[in-house]
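Participant: Dropping a structure here in structure tokens format, bear with me for questions.
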Amino acid sequence: NAGVTQTPKFQVLKTGQSMTLQCAQDMNHEYMSWYRQDPGMGLRLIHYSVGAGITDQGEVPNGYNVSRSTTEDFPLRLLSAAPSQTSVYFCASSFAASGSGELFFGEGSRLTVL
Amino acid sequence: KQEVTQIPAALSVPEGENLVLNCSFTDSAIYNLQWFRQDPGKGLTSLLLIQSSQREQTSGRLNASLDKSSGRSTLYIAASQPGDSATYLCAANNYGQNFVFGPGTRLSVLP
């Protein structure tokens, strides 16, 4: 039972570099989302998708880009990394396209931007 | 806009004690509420999901209740164990909208 798989688990970037955080789920979930978790700020929604080809912005989308070409995959791209993007990133999915079903999370990707 | 709070921010109890974690939300038109556990350096593990039509859900030593009118949910942990030490988060959902998370309660169960 793989569930929600995120790669890489750890990454160090220099300011200005770009990278992609990968997220894959094998539960045939329609809804997928990306959160960042920072001390004192809790979990904040970056982007979400209610199905292949459909994405939308969350609370903190600036500096991030997403696409959803398949049901299984929902990569998060950092276009030009900044120290403010140092965080732990979580991908989550749900069976319900409305986003109102039970959420399942990946193990997280810890990103440090120098 | 839905807002979720959790008090206290941290809680320390001796092993064997029964305890209650609190979650408050501002919009009573809630569709469901989910409780999660997060161990240090790990992702969130789903514990219980309560639909708005339900008043409570149980899983093993865990019991979660939902009172929409008062804007509160509680997570009851019976006979706490050191292995229950973790951060517990609640998240509220209004239908068709994304979940809104509380800041979490960090629980320490002392042997």
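The values are calculated or read from the model by the stated rules, or taken from the named source; none is laboratory data. It should be emphasised that the depicted structure is a prediction, and the values quoted were computed from it without experimental measurement. All Cβ positions, even for glycine, are placed from backbone atoms using ideal geometry, and neighbour counts span all protein chains on display. Note: areas computed on protein heavy atoms with side chains; ligands, DNA, RNA excluded. Shrake-Rupley method; radii C 1.70, N 1.55, O 1.52, S 1.80 Å.
Participant: In the stretch A:83-111, which residues give up 40 Å² or more of accessible area once the other protein chains are added, compared with their chain alone (1.4 Å probe)?
Facilitator: Residues meeting the cut-off: A:Ser98, A:Ser100, A:Glu102, A:Leu103, A:Phe105, A:Glu107.
Participant: Using modelled amide H (1.01 Å from N, peptide plane; none on Pro or chain starts), what sits under 5 Å from the amide H of A:Gly51, excluding residues fewer than 5 places away?
Facilitator: A:Met32
Participant: What percent does the relative contact order of chain B come to when contacts are Cα pairs within less than 8 Å and at least six residues apart?
Facilitator: Values: 287 pairs, mean separation 41.8, N = 111.
Averaging sequence separation for qualifying contacts and normalising by length gives 38 percent for chain B.
Participant: Using the Cα atoms as the points, what is the convex hull volume per residue of chain A in Å³? Kindly include the intermediate steps, with their values, before the conclusion.
Facilitator: Working: hull volume 10.3 nm³, N = 114.
Spelled out: Cα convex hull of chain A, divided by residues, is 91 Å³.
Participant: Provide a whole-number value for the mean count of partner chain Cβ atoms within 10 Å of the Cβ atoms in peptide B:59-68. Spell out each step's value before the answer.
Facilitator: Numbers: counts 0, 0, 0, 0, 0, 0, 0, 0, 0, 0.
Neighbouring Cβ atoms belonging to other protein chains average 0 per residue here.
Participant: If each of A:Ser80 and A:Lys9 carries a label point 7 Å out from its Cα toward its Cβ, how far apart are those two points in nm?
Facilitator: 3.3 nm
Participant: Continuing with the same structure: Relative to 2.2 N^0.38 Å, what does the C-alpha radius of gyration of the stretch B:9-60 come to as a ratio? Two decimals please. Let's see the in-between values first.
Facilitator: Details: Rg = 13.4 Å, N = 52, 2.2 N^0.38 = 9.9 Å.
This ratio for the stretch B:9-60 stands at 1.36.
Participant: Compute the FRET efficiency between A:Glu59 and B:Ser53 as 1/(1 + (r/R0)^6), taking r as their Cβ-Cβ distance and R0 = 41 Å, and round to the nearest 0.05.
Facilitator: Working: r = 28 Å, r/R0 = 0.69.
For A:Glu59 and B:Ser53, the calculated efficiency is 0.90.
Participant: Carbon and sulfur atoms: what percent of the 1.4 Å accessible area of chain A do they account for?
Facilitator: Within chain A, the accessible surface is 52 percent carbon and sulfur.
Participant: Please give the total accessible area that chains B and A bury against each other, computed with a 1.4 Å probe and expressed in Å² to the nearest 100. Present the calculation step by step, with values, prior to reporting the outcome.
Facilitator: On the way: alone 5920 and 5950 Å², together 10420 Å².
Between B and A, the summed buried area is about 1500 Å².
Participant: Over 18 Å, how big is the tail of the calculated P(r) for the stretch A:43-100, in percent of all Cα pairs? Working shown, then result.
Facilitator: On the way: 520 of 1653 pairs.
Summing the P(r) of the stretch A:43-100 above 18 Å gives 31 percent of all pairs.
Participant: Right, something else. Please say if the stretch B:22-111 is rounded, prolate or oblate, where rounded means a/c under 1.5 for a ≥ b ≥ c the square roots of the C-alpha gyration tensor eigenvalues, and otherwise the choice is prolate for a/b larger than b/c and oblate otherwise?
Facilitator: Details: a/c = 2.16, a/b = 1.59, b/c = 1.36.
Verdict is prolate for the stretch B:22-111.
Participant: Here is a further query. Could you work out, residue by residue across B:44-56, how many beta carbons of other chains sit within 10 Å of that residue's beta carbon, and then give the average as an integer? Intermediate values should be presented prior to the final figure.
Facilitator: Values: counts 11, 2, 5, 0, 1, 3, 0, 1, 0, 0, 0, 0, 0.
Neighbouring Cβ atoms belonging to other protein chains average 2 per residue here.
Participant: Further, regarding this structure: Placing +1 at every Lys and Arg Cβ and -1 at every Asp and Glu Cβ, with all other atoms neutral, what dipole size does the stretch A:16-95 have around its Cα centre, in debye to the nearest 20? Intermediate results must be reported in sequence, preceding the final value.
Facilitator: Numbers: 4 positive and 7 negative charges, 47 e Å.
The dipole of the stretch A:16-95 has a size of about 220 debye.
Participant: Also, I was wondering about something else. Report, in whole Å, the centroid distance computed from the Cα atoms of the stretch B:86-107 and the stretch B:1-49.
Facilitator: Value for the Cα centre distance between the two parts: 6 Å.
Participant: Which residue, chosen from A:Ser49, A:Thr112, A:Ser67, occupies the Cα position most advanced towards the positive end of the dipole of chain A, where the dipole is computed from +1 (Lys, Arg) and -1 (Asp, Glu) charges on Cβ about the Cα centre?
Facilitator: Among A:Ser49, A:Thr112, A:Ser67, the one farthest towards the positive end of the dipole of chain A is A:Thr112.
Participant: A further question follows. Quantify how strongly other chains surround peptide B:4-16 by giving the mean number of their Cβ atoms within 10 Å of each of its Cβ atoms. Write down the numbers at each step before the final one.
Facilitator: Working: counts 1, 0, 1, 0, 0, 0, 0, 0, 0, 0, 0, 0, 0.
Mean partner-chain Cβ count within 10 Å for B:4-16: 0.
Participant: Kindly give the semi-axes, whole Å and largest first, of the ellipsoid equivalent to the protein assembly as shown, taking each as the square root of 5 times a Cα gyration tensor eigenvalue. Could the numbers behind the result be given before it?
Facilitator: Numbers: eigenvalues 175, 84, 47 Å².
The equivalent ellipsoid of the protein assembly as shown has semi-axes of 30, 21, 15 Å.
Participant: For the protein assembly as shown, what is the accessible area per residue in Å² when the probe is 1.4 Å? Don't skip to the answer; put the middle values down first.
Facilitator: Values: 10420 Å² over 225 residues.
Value returned for the protein assembly as shown: 46 Å² of accessible area per residue.
Participant: Under a crude label model (7 Å from the Cα following the beta-carbon direction), how far is B:Gln97 from B:Ala29 in nanometres?
Facilitator: Result for the modelled spin labels: 0.8 nm.
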